[in-house]
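The values are calculated or read from the model by the stated rules, or taken from the named source; none is laboratory data. Predicted model, so just to flag it, every value in this text is computed and none were measured. As a convention, Cβ positions derive from the backbone with ideal geometry for all residues, glycine included, and neighbour counts pool all protein chains shown. Surface accessibility is based on the protein's heavy atoms, side chains included, excluding ligands, DNA and RNA. Shrake-Rupley method; radii C 1.70, N 1.55, O 1.52, S 1.80 Å.
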Amino acid sequence: MREKENHPSTNSEDDHRSSLLDLARAEITESSNSKTRTAGSGLGSGSGTSEPQAPFPDQVLENVLENVLHFLSSRRDRNAASLVCRSWYRAEALTRSELFIGNCYALSPTRATARFTRARSVTVKGKPRFADFDLMPADWGAHFSPWASALSQAYPWLEKLHLKRMLLTDADLALIADSFAAFRELVLVCCEGFGTPGLAVVVSKCRLLRVLELVESEVEDDEEVDWISCFPESQTNLESLVFDCVDVPINFEALEGLVARSPRLKKLRLNRYVSMAELYRLLLRAPQLTHLGTGSFSATEAGAVGDQEPDYAAAFEACRSLVCLSGFREIWADYLPAIYPVCTNLTSLNLSYADVNTDQLKSVIRHCHKLQIFWVLDSIRDEGLQAVAATCKDLRELRVFPVDAREETDGPVSEVGFEAISQGCRKLESILFFTQRMTNAAVVAMSKNCPDLVVFRLCIIGRYRPDPVTEEPMDEGFGAIVMNCKKLTRLAMSGLLTDRVFEYIGMYGKLVRTLSVAFAGDTDVGLKYVLEGCPNLQKLEIRDSPFGDGALRSGLHHYYNMRFLWMSSCKLTRQACQEVARALPNLVLEVINNNNEENAGDEEENAGDEVETLYMYRSLDGPRDDAPRFVTILQ
């Protein structure tokens, strides 16, 4: 099972921590601002003097504070600054140009725009991450329409919009195009509900558009529109164009013309309908590219150029600034030598769609000495990982995805390749590793060889699998990670685990902000260790684990400080969830019934039933009003 993540960044999810106290301060009204901002008002009215009056000290301080806060870029620092006093709260809101909403239901769009009146960049996230694993019904919610309406009225000057796991329509895209005259950047990650007609409106009306990125989004093909042809016919300001997830053919002639009249274009990621010969023509038009997604990386019948095969290697070699390479949707191994000339400068290589074998990988990776980010399928086997470890000494992020995620299969990667990586890539900061086999010794070695790990996600495919050598639980391996990796903020665990490993996490995982647990756990005491011992925990994701009501109740003291809790296929009862809802009225508890929509809303009948899925999050504005029938919100 492959996670829908396509931004190679170790901290993209974890650098935001807004406390409930910060959110609660949004209740403060601006009526408290009784200080006048014009010093002459009502002073010296009968003196007859024309000398200007000095401003109030409070006004001077607020002006200075606003100038200082402009230099604060970290969201965490800004959240902390807003808690100092009311004056800082107001000044911080007035100077925040980038608005980040980690949960679209945490507050209403009108509340957000009323507090932050000068935002030029907005990021909104919708569904929780486990929706990527088909654990949430498709029509659960996360509609962008209310946000589109509020943003269009509050921010006519908006320049950037980033959405993740949101449901937006072509009408929403049309509203964006019509409302923001200076709109420059649209990034849609894992979004759905829109199609090529909406894209056509955006690219035709947003004349200043610099960035259009569609990443792992589901673009509907009910009505296919030639949206590439809708870009302005004049020279464009386009810097980034990403549409590798758009699974419909494109007008290549229009694309080639667009690339030719976009001299600032640095990032281009193509879909699988762009052949190798067409890629060659695009490279000739845009040798200035720094990031390239190759499309299919295979030939088509119409791809021949005369009777002679194009010199693909020469086209790649001309792209001297290329540092990031991805794509390879339908790779032909015979074309791999074409990328050799650019490999020496690559810092990022994504082969997670390319089913390459060990020898094919070796022929490429031996040139990649500067590589820092590498995504790949496990088809390269342990021997391929050993080749990576021998060459890529500066590697910071590694993701290894499974070709076959069935439990009963013997996977091609194991503790052998895993430990080789730890020995050869000692600067590693982030790892996501899918495997059917892992040992405690290999994980302990990783913790010692790579102490700078910030993100550690080890997904052992199969339910409750122990160390295959000792038959012991995987407690000591994961325990070593939290003990030895002092910078760890994100941890994902699976395999046979007991309460002992959760005790380790509670004792040593003081910086952990995101914890994911799958097919693991022993008793409720384990989760209690985590909830009582991890003060920075923001996101807790649990699936198919034996935790029950006692584990849920043990976190009552901490839930207000968390962004969300997700528990699916555990041992929760509706009664315990109802108790938590009554004890913490500022939290929203959604009980999701995936299989029985007809009875989902009957609270009394199901009061003693086990809860299939619990999604709990904090909200300033209470329960949402667009919950479907299969969602029951407990109050």
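Scanning the range 552-568 for residues that are closer than 23 Å to ALA131 by Cα and either of a type in the set (D, E, K, R) or buried (at least 18 other Cβ atoms within 10 Å of the Cβ) (or both) yields a count of 9.
For the range 157-172, the count of residues that are aromatic (Phe, Trp, Tyr) and surrounded by 19 or more Cβ atoms within 10 Å (Cβ to Cβ) is zero. The residues of the range 53-89 that are open to solvent by 50 Å² or more (accessible area, probe 1.4 Å), assigned to a helix (DSSP H, G or I) and at pLDDT 80 or above, listed by number, are ARG75, ARG76, ASP77, ALA80, ARG86, TRP88.
Among residues belonging to the range 233-260 that are β-branched (Val, Ile, Thr) and under 24 Å from the mean Cα position of the chain (by Cα), point out the one that is farthest from GLY193 (Cα to Cα). Among them, the one singled out is VAL242. Residues that are in contact (Cβ under 8 Å) with a residue 60 or more places away in the chain and under 23 Å from PRO628 (Cβ atoms) within the range 561-573 comprise ARG563, PHE564, TRP566, SER568, listed in sequence order. Looking only at residues of the range 116-140 that are at pLDDT 95 or above and of a type in the set (Lys, Arg), we find that the one that is farthest from LEU209 (Cα to Cα) is LYS127. Scanning the range 140-156 for residues that are open to solvent by less than 10 Å² (accessible area, probe 1.4 Å), out of contact with any strand residue (DSSP E or B) (no Cβ under 6 Å at 6 or more places or on another chain) and part of a loop (DSSP other than H, G, I, E, B) gives TRP140, GLY141, PHE144, TYR155.
Looking only at residues in the range 340-374 that are under 12 Å from THR391 (Cα atoms) and of a type in the set (Ser, Thr, Tyr), the one that is most open to solvent (accessible area, probe 1.4 Å) is THR344.
Restricting the range 489-546 to residues that are among the aromatic types (Phe, Trp, Tyr) and surrounded by fewer than 24 Cβ atoms within 10 Å (Cβ to Cβ) leaves a set whose member that is nearest to GLU610 (Cα to Cα) is PHE519. Of the residues screened, SER554 is not one that is touching an Asp or Glu at 6+ places or on another chain (Cβ under 8 Å) and closer than 23 Å to ASP139 by Cβ. When residues in the range 261-281 are screened for being over 23 Å from the mean Cα position of the chain (by Cα) and closer than 22 Å to GLU185 by Cβ, 5 of them pass.
Residues of the range 295-325 that are modelled with pLDDT of 95 or more, of a type outside the set (A, V, I, L, M) and in contact with a Ser or Thr (Cβ under 8 Å, 6 or more places away or on another chain): SER321, CYS324. Kindly check whether there is at least one residue in the range 459-473 that is of a type in the set (A, V, I, L, M, F, W, C) and part of a strand (DSSP E or B). Within the range 459-473 (the criterion being of a type in the set (A, V, I, L, M, F, W, C) and part of a strand (DSSP E or B)), the answer is yes, since at least one residue qualifies.
Checking each residue in the range 439-452 for being within 27 Å of the chain's Cα centre (by Cα) and either of a type in the set (Asp, Glu) or in a loop (DSSP other than H, G, I, E, B) (or both) picks out CYS450, PRO451, ASP452. Determine whether the range 206-227 contains at least one residue that is crowded, with 21+ Cβ neighbours inside 10 Å and in a helix (DSSP H, G or I). The answer is yes; a qualifying residue exists. None of LEU377, LEU432 is open to solvent by less than 30 Å² (accessible area, probe 1.4 Å), under 23 Å from VAL512 (Cα atoms) and not basic (Lys, Arg) except LEU432. Of the residues making up the range 90-139, those that are buried (at least 18 other Cβ atoms within 10 Å of the Cβ), farther than 23 Å from SER217 by Cβ and of a type in the set (Val, Ile, Thr) are THR95, THR113. With respect to the stated conditions, PRO287 is assigned to a loop (DSSP other than H, G, I, E, B), touching a helix residue (DSSP H, G or I) at 6+ places or on another chain (Cβ under 9 Å) and touching a residue at least 24 places away in the same chain (Cβ under 8 Å).
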